[in-house]
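Down below is the structure, laid out as structure tokens.
The values are calculated or read from the model by the stated rules, or taken from the named source; none is laboratory data. Keep in mind it's a predicted model, so treat the numbers as computed, not measured. Heads up, the Cβs are rebuilt from the backbone with ideal geometry, glycines too, and the neighbour counts pull from every protein chain shown.
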Amino acid sequence: MCLKMKILHLILLLYLIGLSTNSYAINPEKYVVNQTSNENFPLVSKGKIASILVDDKDYAGVLKVTGHFENDIFQVSDLHPKRIKKISEAEDFVVIIGTLGKSEIINQLVKKGKIDAKELQGKWEKFTTQIVENPFKGIKKALIIAGSDKRGTIYGIYDLSNQIGVSPWYYWADVPIKKQLELHVLPGAHSQGEPKVKYRGIFINDEAPALSGWAFEKFGGFNSKFYDKVFEVILRMKGNYLWPAMWGRMFYVEDPQNAVLADEYGIVMGTSHHEPLTRAHAEWGKANGKWDFNSNSEALIKFWKDGIKRMENKETIVTIGMRGDGDEPMTEGTAIDLLENIVKTQRNIIAEVTKKPAEQTPQMWALYKEVQDYYDKGMTVPDDVTLLLCDDNWGNIRKLPELNAKPRKGGYGIYYHYDYVGGPRNYKWINTNQIERVWEQMDLAYQYGVYKIWIVNVGDIKPMEFPIEFFLDMAWNPEKFNAGNLEQYYVNWAKENFDNQFAGEIAEILKLYTKYNSRRKPELLDAKTYSITNYNEADRVVADYQKLVEKANSINEKLKPEYKDAFYQLVLFPVLASSNLNELYVAAAKNQLYAKQGSTSANDYAEKVKELFEKDAELTNYYHTNLADGKWKHMMSQTHIGYDNWQQPDKNVIPKMKTIELTKKETANIVDVDLERAETSIKKNKDLGHVQGFVENNGYISIESKSYSKAINSDEVKWILIPNLGKTDSGITIKPSNIQPIQISEQSPRLEYDVHLFNKGKIKVKAYFSPTINFKIGDGLKYGIGFDNEKPQIMNLNIDSSEKAWAESVANNIKILTSIHQIENTGNHVLKIYAIDPALVLQKIVIETKEGKVLESYLGPPESFRKE
């Protein structure tokens with residue numbers, strides 16, 4: 001082929017790729033198009049469909065998923081592909097599916113030199129999808145999906161399903177499958193390579209009343225029919241690992257087919273952090289005696305031994321260690337000798353039952369809650385055991401390996417949370433997870449060498465669809481994700497699930513509703529959260545949500561009808577329900593204020609609260625009865641209104657209200673700072689010709705972190721803006737994260753903010769940070785701060801490590817540190833924030849120049865006027 005023809009061919013391929021309306025989150029390469037060419041493979045063309053050839057001696061899971069693909073292609077094309085088992089039965093065009101070393105057909109292709117075995121041999125979960133001309137006699141062209149192992153082949157099959165337009169959420173969120181008449185696969189070797197994180201999965205937890213009610217209604221319980229749907233969606237997102245439902249549930253007992261099916265699919269099973277040796281905690285009945293190794297070791301050893309016997313040779317990561325009964329600490333204090341003895345006993349059981357050295361069975365020890373104290377105080381486990389490090393249940397990683405730590409054969413993992421039951425408050429109802437924070441924390445973990453296991457507590461699965469897929473996509477290859485392309489992830493996900501309808505607008509809604517919800521979990525909201533008297537805060541919050549409601553409703557009206565159920569689940573319901581709840585608490589706050597003032601306006605807001613409380617129930621009822629013809633009954637039954645302690649109320653409780661009886665209606669005067677008028681007066685001030693930067697007004701300056709005047713980097717680190725991260729705008733941090741602390745010098749990486757002060761003397765600077773935990777040895781994560789050329793003060797983000805301080809910071813989803821500075825002269829100054837430790841994420845700065853002038857509010861004052 002001449003150079004000119006090659007260029008034309010390349011242009012044609014790029015054009016065909018561009019024709020696709022789908023764009024994929026983890027796999028931006030689109031290799032299925034709707035246009036024919038001599039080089040392409042005709043999967044579906046002119047009313048004909050390629051047959052499928054698969055060795056019936058391949059893995060049972062491969063054969064099962066091949067059946068899923070056959071159904072997927074029927075859903076897309078209305079054509080049933082013919083499955084053949086012998087090469088001699090094949091016709092002109094055939095899809096060949098198989099696992100290297102297991103499929104005789106694939107092995108023959110290797111011998112004939114048609115595919116390169118080196119691409120797959122010894123690889124973990126890798127697949128290649130490629131076109132081969134004349135692979136066997138009678139076959140003109142084959143599309144070959146070959147896997148290095150069982151999951152590799154399964155991922156290859158599901159990847160092609162994804163490429164032809166079948167979302168992983170076609171069942172779990174009713175995402176429609178678009179009909180297409182022509183499907184053609186582009187030439188070239190299509191592969192995702194090997195995953196960077198070995199085990200990538202989810203934990204179904206806190207599953208009552210929502211998921212449990214739904215599972216019993218739909219399937220009769222947490223049986224193999226239910227888990228069939230769970231295993232499939234995990235594999236469609238290229239995950240491979242599951243901790244099953246555990247609230248009173250027994251995965252291996254309730255339906256013995258559960259474990260058989262997991263093994264067939266290739267799902268690696270595990271058990272939660274307090275369920276050792278594959279035994280569900282619910283299996284430990286009263287007849288077994290006390291859950292205490294000191295006094296009842298014989299019963300525990302038998303219990304655990306039976307678990308390993310039951311496991312047989314099924315792929316499992318065995319949890320070792322022990323916590324107390326009911327997910328509580330095992331003892332008061334840290335009994336290292338006892339826990340080391342327990343681990344030794346458990347490993348002896350593993351070796352005895354499996355009849356092979358314990359290190360040949362994958363194991364993990366979860367450093368969850370108080371168990372981390374054992375590790376911090378010197379307890380060790382054998383080198384082959386994976387140390388599962390944990391977050392604080394609120395998305396903030398508690399512990400990472402030291403940068404100079406010796407490598408472990410078992411490596412490290414992370415247990416992360418999208419859902420939690422416990423203090424300072426349960427959060428289970430709705431998605432409150434910003435992918436920007438998930439990326440920032442999991443990127444931190446990856447840079448510190450944590451890539452053996454990533455598992456996330458997803459509660460009821462729904463309504464966490466979006467962050468679940470993000471977590472598993474990122475786990476496949478964390479190196480593909482950065483602060484700059486997270487916004488595109490929203491767009492790609494919207495394109496994939498809504499056929500490119502309003503993708504940009506849907507992405508913006510997803511981005512903002514999760515931002516607003518992450519400010520404070522819905523279960524923590526009350527009438528006091530947002531100020532109704534200062535900075536117009538409460539009304540601005542309500543208005544922001546209502547803008548999202550208007551956008552979402554507008555899109556819903558214009559969407560193709562078949563997409564409305566999916567849109568309601570993934571976008572519209574969380575927006576409507578979250579907006580309604582925030583408005584309810586603001587109305588309750590106004591009721592209380594007006595009642596205190598003796599105004600009958602209180603009565604109007606009392607009625608408003610009742611109306612909004614009823615609307616919450618109506619939204620839930622619609623979800624249960626109207627949506628998808630009642631398919632999701634029970635799924636939104638989690639209570640979320642009226643908490644008064646960490647545990648949920650039995651039912652939603654309307655806020656208490658007051659009514660006023662007056663003959664004459666009064667009007668109340670809510671006092672607020674008129675920000676627009678203040679800004680105008682600053683602009684008109686004739687003395688501002690020499691002013692630079694943010695201008696003090698009413699005794700303070702408020703600055704968003706991204707609004708720096710200058711960002712000074714070094715050869716080693718750079719300042720990275722994380723758009724959308726945080727309560728009001730964005731976050732800023734240094735990357736890479738795997739660095740030693742930086743010594744402050746004149747060349748230090750720092751942020752500089754130009755400000756103009758009208759007051760001098762003692763001033764306070766409040767720095768708002770994401771609530772990052774000190775994840776390494778030492779007294780805390782630090783930064784430097786100072787004005788102009790003053791010697792920087794060293795501030796410790798983790799100076800107060802008390803339980804009370806932690807609870808406040810995670811409830812508020814912010815940590816505010818205050819430094820005090822002496823300013824000698826009014827006028828222009830430069831505030832400097834110096835990088836010392838990595839992983840601090842700065843969101844906002846508030847400079848208080850007059851005591852008491854910064855009014856109380858949840859989000860802090862809006863950003864001040866800035867003179868460029």
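So that you can scan it fast, the table gives a plain yes or no per residue for (1) over 24 Å from Tyr59 (Cα atoms); (2) not hydroxyl-bearing (Ser, Thr, Tyr):
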| site | (1), (2) |
| --- | --- |
| Tyr252 | no, no |
| Asn288 | yes, yes |
| Ala299 | yes, yes |
| Trp304 | yes, yes |
| Met311 | no, yes |
| Val318 | no, yes |
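Looking at the range 444-466, which of its residues are more than 26 Å from Gly152 (Cβ to Cβ) and either in a loop (DSSP other than H, G, I, E, B) or not small (Gly, Ala, Ser) (or both)?
Once the filter is applied, which keeps residues that are more than 26 Å from Gly152 (Cβ to Cβ) and either in a loop (DSSP other than H, G, I, E, B) or not small (Gly, Ala, Ser) (or both), the range 444-466 yields Leu444, Gln447, Tyr448, Asn457, Asp460, Lys462, Pro463, Met464, Phe466.
In the range 52-92, how many are surrounded by fewer than 18 Cβ atoms within 10 Å (Cβ to Cβ) and among the small types (Gly, Ala, Ser)?
Result for the range 52-92: 3.
Only residues that are under 28 Å from the mean Cα position of the chain (by Cα) and free of Cβ contacts under 8 Å to residues at least 60 places away in the same chain: list them for the range 363-383, please.
Result: Gln363, Trp365, Leu367, Lys369, Glu370, Gln372, Asp373, Tyr375, Asp376.
Could you list, in sequence order, all residues of the range 336-351 that are in contact (Cβ under 8 Å) with a residue 24 or more places away in the chain and not charged (D, E, K, R)?
Hits for the range 336-351 are Ile336, Leu338, Leu339, Asn341, Ile342, Val343, Thr345, Gln346, Ile349, Ile350.
In the range 408-443, how many residues are in a strand (DSSP E or B) and small (Gly, Ala, Ser)?
Within the range 408-443, residues that are in a strand (DSSP E or B) and small (Gly, Ala, Ser) number 1.
Among the residues of the range 796-810, are any polar (S, T, N, Q), surrounded by fewer than 17 Cβ atoms within 10 Å (Cβ to Cβ) and either under 12 Å from Leu842 (Cα atoms) or modelled with pLDDT under 95 (or both)?
Yes, there is a match, as at least one residue in the range 796-810 is polar (S, T, N, Q), surrounded by fewer than 17 Cβ atoms within 10 Å (Cβ to Cβ) and either under 12 Å from Leu842 (Cα atoms) or modelled with pLDDT under 95 (or both).
Regarding the range 268-282, can at least one residue be identified that is crowded, with 20+ Cβ neighbours inside 10 Å and more than 23 Å from Arg347 (Cβ to Cβ)?
no
Of all residues in the range 594-630, how many are in a helix (DSSP H, G or I), buried (at least 18 other Cβ atoms within 10 Å of the Cβ) and in contact (Cβ under 8 Å) with a residue 60 or more places away in the chain?
Going through the range 594-630 one residue at a time, the tally reaches 4.
Only one of (1) more than 27 Å from Tyr490 (Cα to Cα); (2) without any contact (Cβ under 8 Å) to a residue 60 or more places away in the chain is not met by Tyr418, so which one is it?
(1)
In the range 159-195, which residues are among the charged types (D, E, K, R) and either assigned by TED's automatic domain parsing to the domain that holds Glu119 or over 24 Å from Trp243 (Cα atoms) (or both)?
If the condition is that a residue be among the charged types (D, E, K, R) and either assigned by TED's automatic domain parsing to the domain that holds Glu119 or over 24 Å from Trp243 (Cα atoms) (or both), then Asp159, Asp174, Lys178, Lys179, Glu182 are the ones that fit.
Are any residues in the range 753-792 among the aliphatic types (A, V, I, L, M) and touching a residue at least 60 places away in the same chain (Cβ under 8 Å), and if so, which ones?
If the condition is that a residue be among the aliphatic types (A, V, I, L, M) and touching a residue at least 60 places away in the same chain (Cβ under 8 Å), then Val755, Leu757, Ile763, Val765, Ala767, Ile773, Ile777 are the ones that fit.
Take the range 276-302 and flag every residue that is more than 35 Å from the chain's Cα centre (by Cα), without any contact (Cβ under 8 Å) to a residue 40 or more places away in the chain and in a helix (DSSP H, G or I).
Scanning the range 276-302 gives Lys286, Ala287, Asn288, Ser295, Asn296, Glu298, Ala299, Leu300, Lys302.
Regarding Lys118, is this residue farther than 30 Å from Pro176 by Cβ, of a type in the set (Lys, Arg) and outside any loop (DSSP other than H, G, I, E, B)?
yes
Tell me, which helices (runs of 4 or more DSSP H) wholly within the range 206-256 include 2 or more residues that are of a type in the set (Asp, Glu)?
In the range 206-256, 224-236 are the helices (runs of 4 or more DSSP H) which contain 2 or more residues that are of a type in the set (Asp, Glu).
Do we find a residue being surrounded by fewer than 24 Cβ atoms within 10 Å (Cβ to Cβ) and among the aromatic types (Phe, Trp, Tyr) anywhere in the range 479-487?
yes
Just give me the residues in the range 496-533 being more than 23 Å from Ser770 (Cα to Cα) and touching a Leu at 6+ places or on another chain (Cβ under 8 Å), in sequence order.
Correct list: Asn497, Phe498, Gln501, Phe502, Ile532, Thr533.
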